[in-house]
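Notes follow once the structure below has been shown.
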Amino acid sequence: MAEFKGPRSSVAAVMLALAVVVEPAVTQQSPPPQIPPVLQKYRPVTTDRLRKPEDSEWLMVRRTYDGWGYSPLQQVTRSNIARLQPAWVVATGVTNGHQAPPIVNNGVMFVATPGNQVIALDARTGAILWRYRRPLPEDVILLHPTSRGVALYEDRVFFAAAEAVLVALDARTGKEIWTTEVAKNSNGYYMSLAPLVAGGKVMVGTSGGELGVRGFVAAYDPATGKEAWRVHTVPAPGEPGSETWPKGDEWKTGGGSVWITGNYDPETNLAFWGTGNGGPWMGDQRPGDNLYTSSTIAIDVTTGAIKGHHQYHPNDSWDWDEVSPPILVDYRRDGRTIKGLIDVARDGYLWFLERTDSKINFIEGKPFVQQNVFRSLDPKTGRPEINPDRKPATGKTVEFCPSLWGGKTWPPIAFSPQTRMIYIPANENLCQRMTGDPVKYSPGSPFTGAKYTLVLAPGAADHIGEVQAWHVDTGKRVWTHEYSKSPNWGPMLATGGGLVFTGGTTDRLFRAFDAENGKLLWEFPTNSGITGQPSSFEVDGKQYIAVQSGWGVDARAMTAVLNTLSPGNYPDVPEGGAIWVFAIK
Amino acid sequence: MSDPKKFPDRRVVLKGGLAWGIGLGFAPGLGRAQDNSTAARPRPGDLLVNVDDTSLAPLGPQDILAGAPVLAWALDRADGTVRNGSRLNRVLLMRLDPERLAPETKERAADGVVAYTAICTHTGCEVTGWLAAEQLLQCACHASKFDPSDGARVVEGPAPRTLPALPLGVENGRLVVSRPFTSRVGFESA
């Protein structure tokens, strides 16, 4: 499943292939494979490096534990970006949604793609060093064929395979070191997130919120793959939070899936994970607040204990997963500095919270797109008062805004410490019509109990996609860029050169904005639509900007429905993935 | 995915003595052969049984009511094998007005009952929603809509192609698979 692409003799290649597919004994008899020079000097990723990466590196999915999506590199600037050009491009060989960031350690790039593939490349030249391909079962349950990245630790690469198997690879060879089944794919559990390595553990959660899963975060020993702990996002009877569930068995299929990587605070050893909506979708089928669905939970990485939580909205009935974790950023409010968490939620609200060594405190919440479900927020707790006319239920049809895809779905925001702004990929003017249905649980089968249609907001649908910039110390919006003909599915990157990079639109463009004022400075048409997380790194003193282009999954689904609502205006985006790397020439 | 073990015995023997005798004769390869046959796609001559019916009573056209799609497995009537070894074998049965069927769909139907794969061609979610007002099927995961009266063509949403159809016939009052699926069942996982 792994193969070298580095220089070596054909005999060695044959011997290596035999070593991979035949018997361990053959491995012992094979000559040692010739490791490409860039991998020979591979620099292990230590705990210290994960906490404080060199400016040149992009070692984890959002680069740093605080989730900023910010590179301090500043060679590429407002003044020279007109000369930003492709340095190299490589086809991934697969279709569907390419959402992973190019992760770079000391000149070696690791990219995860759909189809259970990890590619290692020379980050400077694009030369392929090895490819790992893990065959997918023909009948795999995989409602979102994508991967959002790998995790690095020591000399290993950790990959969450789609069929809910955690894989540890040798960073130098791409060979499997161990695999561990995280959950039964046949019961609807599948994975798409990048693992999180922190506190000496590698952590994952699973998707499956449409299939009656019971969400969890699990931690494993990076050396052996042995499970260290597992904490469910839906408590069993008697556990804290179980009082928010009905007395029956609803908790067993209660949802709260976990499909985006959490952020981490080394000071408190707490990891902040976001959770999906409850299952089935209609809240009246599981009365109660349903902790810890549609929440952020603070997990003690040593023990797995949930030390704090904030539920954005109780008893979800809108399919508003809140899986994007809050970023960790300290901000000013009312004359004091708050050790903060900032979350841009699918429910259409921007949440300013406070982190402690345990509980999460509410500070402020406000809508960033049209939102007609919340009447108000409790000033102390942030708990929304729900307009019952905007809450679908079994046998009841309602329209609500934003749509089930939310004001922002999974694509992550970025934060620039230079501008003190967060950058949000938003979708405005989209609403939903939804009807609840009774539904019966069957393992691995849909457990949504809803029919639904996307609708445009009345009289206001002049655009959908937006990039919004909000100042974290004022809590006010500074600038907005509107996309007149496209939704926005573009993860954000902020850089020390005063720039914001993103794609996300149906016109296949990769763009750079002035981080201060939102002026569009540069754009480049790629092969497909960009839903990948951009990253930036430096090799041999040169700064690069990298991103995957490859449309698919829910971006494709939304576009297809929009093209029905507004025929011809949202044509298909060509699929097929590529890794693009840009530099100043 | 339905677990094959949920059935008391997936080698349920309709013609007990004969099937058991064959099994003994090929004992060394028994397990593998049976695994393959439970995962094999429906074959001409197969009967159909409701996925929730552990009694494995073969379905007839009268069991399929208008507006109430039924999920079914194929059953090999030669040895009683239920083809539930792959979730890709889930079959959606629907009763439609024969006068509304497109010619090709009408030719595949049996007494107004049509059959399609239940697996969406987009990402493999099960197509179980029935929109009565529109007379369309809807996938629960990404909202693709299909017209079962016209070859399950894609009416809306991201599905890249029609749902493969399973042509049906009727024998002795029971629905019978008359031909294999009209195209490959499944989706593009990468």
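Considering A:Ala123, A:Ala127, the condition of being farther than 23 Å from B:Arg87 by Cβ, more than 13 Å from every other protein chain (Cβ to nearest Cβ), surrounded by fewer than 24 Cβ atoms within 10 Å (Cβ to Cβ) and more than 21 Å from the chain's Cα centre (by Cα) is satisfied by A:Ala127 alone.
I'd like the full set of residues that are farther than 21 Å from B:Ala68 by Cα and either among the hydroxyl-bearing types (Ser, Thr, Tyr) or facing chain B (nearest Cβ under 9 Å) (or both), limited to region A:411-439.
Passing the criteria: A:Ser416, A:Thr419, A:Tyr423.
Scanning region A:460-469 turns up no residue that is farther than 24 Å from A:Phe510 by Cα and within 14 Å of chain B (Cβ to nearest Cβ). Do we find that B:Val170 is within 14 Å of chain A (Cβ to nearest Cβ) and touching a strand residue (DSSP E or B) at 6+ places or on another chain (Cβ under 7 Å) in this structure? Answer is no for this residue. Exactly one residue out of A:Leu18, A:Leu39 is open to solvent by less than 30 Å² (accessible area, probe 1.4 Å) and either at pLDDT below 95 or aliphatic (A, V, I, L, M) (or both), and it is A:Leu39.
For (1) away from chain A (no Cβ under 14 Å); (2) open to solvent by 60 Å² or more (accessible area, probe 1.4 Å); (3) part of a loop (DSSP other than H, G, I, E, B); (4) touching a residue at least 24 places away in the same chain (Cβ under 8 Å), each residue gets a yes or a no:
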| site | (1), (2), (3), (4) |
| --- | --- |
| B:Met94 | yes, no, no, yes |
| B:Glu99 | yes, yes, no, no |
| B:Thr121 | no, no, yes, yes |
| B:Trp130 | no, no, no, yes |
| B:Ser183 | yes, no, yes, no |
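Does A:Ala393 count as touching a helix residue (DSSP H, G or I) at 6+ places or on another chain (Cβ under 7 Å) and either in contact (Cβ under 8 Å) with a residue 24 or more places away in the chain or open to solvent by less than 20 Å² (accessible area, probe 1.4 Å) (or both)?
yes
Scanning region B:86-129 for residues that are within 18 Å of B:Thr182 (Cα to Cα), modelled with pLDDT of 95 or more and of a type in the set (D, E, K, R) returns B:Arg90, B:Glu104, B:Lys106, B:Glu107, B:Arg108.
Filtered by the rule that a residue be in contact with a Phe, Trp or Tyr (Cβ under 6 Å, 6 or more places away or on another chain) and either more than 14 Å from chain B (Cβ to nearest Cβ) or β-branched (Val, Ile, Thr) (or both), region A:186-204 gives A:Leu193, A:Pro195, A:Val197, A:Ala198, A:Val202. Restricting attention to region B:153-167 and to residues that are under 14 Å from A:Ala560 (Cα atoms) and not acidic (Asp, Glu), the residue that is farthest from the other protein chains (Cβ to nearest Cβ) turns out to be B:Arg161. Does B:Val170 satisfy being open to solvent by 30 Å² or more (accessible area, probe 1.4 Å) and either closer than 21 Å to B:Pro44 by Cβ or part of a helix (DSSP H, G or I) (or both)? It is true that B:Val170 is open to solvent by 30 Å² or more (accessible area, probe 1.4 Å) and either closer than 21 Å to B:Pro44 by Cβ or part of a helix (DSSP H, G or I) (or both). Cβ-Cβ distances below 7 Å connect the following pairs, each with a first residue in region A:440-456 that is more than 9 Å from chain B (Cβ to nearest Cβ), a second residue that is open to solvent by 20 Å² or more (accessible area, probe 1.4 Å) and part of a strand (DSSP E or B), and a separation of six or more residues or different chains: A:Val455/A:Glu399; A:Val455/A:Arg433. Can A:Ala183 be described as within 14 Å of chain B (Cβ to nearest Cβ) and either open to solvent by less than 10 Å² (accessible area, probe 1.4 Å) or assigned to a loop (DSSP other than H, G, I, E, B) (or both)? Taking the combined requirement at face value, the residue satisfies it. If you take the residues in region B:49-61 that are touching a Lys or Arg at 6+ places or on another chain (Cβ under 8 Å) and not small (Gly, Ala, Ser), which one is farthest from the other protein chains (Cβ to nearest Cβ)? Restricting to residues being touching a Lys or Arg at 6+ places or on another chain (Cβ under 8 Å) and not small (Gly, Ala, Ser), the top hit is B:Pro61. There is no residue in region A:229-244 that is in a strand (DSSP E or B) and closer than 27 Å to A:Pro102 by Cβ. Return the residues of region A:261-283 that are out of contact with any Gly (no Cβ under 7 Å at 6 or more places or on another chain), of a type outside the set (Val, Ile, Thr) and surrounded by fewer than 24 Cβ atoms within 10 Å (Cβ to Cβ); say none if nothing qualifies. Residues satisfying the conditions are A:Asp265, A:Pro266, A:Glu267. Within region A:366-387, track down each residue that is open to solvent by less than 30 Å² (accessible area, probe 1.4 Å), touching a Pro at 6+ places or on another chain (Cβ under 8 Å) and more than 18 Å from A:Asn277 (Cα to Cα). Within region A:366-387, A:Val369 is the sole residue that qualifies.
For B:Asp150, the criteria (1) crowded, with 18+ Cβ neighbours inside 10 Å; (2) away from chain A (no Cβ under 13 Å); (3) more than 16 Å from B:Asn89 (Cα to Cα) hold in every case but one, which is (1). Screening A:Ala160, A:Ala112 for residues that are within 14 Å of chain B (Cβ to nearest Cβ) and in a strand (DSSP E or B) leaves exactly one candidate, A:Ala112.
The values are calculated or read from the model by the stated rules, or taken from the named source; none is laboratory data. Keep in mind the model is a prediction, meaning the values are calculated, not measured. Cβ coordinates were reconstructed from backbone atoms using ideal geometry, including for glycine residues, and neighbour counts include every protein chain displayed. To get the accessible areas, we keep the full protein, side chains included, count just its heavy atoms, and leave off ligands, DNA and RNA. Shrake-Rupley method; radii C 1.70, N 1.55, O 1.52, S 1.80 Å.
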